[in-house]
Amino acid sequence: MNIAQDIREILGSNEAFAGKADRLSEDDSLFDLGLDSFGSVQLMLALEERFNIEFPDELLNRKSFSTIRAIREAVSTLIQQEAA
């Protein structure tokens, strides 16, 4: 499972990142590049569906969705918690 690539694929369905999600570095600020609050909710829902996870309230913040790296780390942690 390549979590970062899956995140890029999901981001590619967002209008702000269409056609350029594959060129994003893990540390590019997604909010500076056009992700808004509605887009972050859509992203969260798509991630929950793709990885069969649920974001807890403490991760529902701008920092958790600010970069691909932050999202990947949150998703990886949640996957491990689900498996335990």
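A short reminder: the numbers here are calculations on the coordinates, not readings from a lab. Model, not experiment: these values are computed from the prediction. Please note: Cβ atoms are built from the backbone with ideal geometry, for glycine as well, and neighbour counts cover all protein chains shown.
May I ask which residue of Ala4, Leu43, Gln80 lies farthest towards the positive end of the charge dipole of the range 3-83, with charges of +1 (Lys, Arg) and -1 (Asp, Glu) on Cβ and the Cα centre as origin? Result: Ala4, furthest along the dipole toward the positive end. For the chain, a crude dipole built from +1 on the beta carbon of Lys and Arg and -1 on the beta carbon of Asp and Glu, taken about the Cα centre, is about 200 debye to the nearest 20. When N is the residue count of the chain, what does its C-alpha Rg come to as a fraction of 2.2 N^0.38 Å? This ratio for the chain stands at 0.99.
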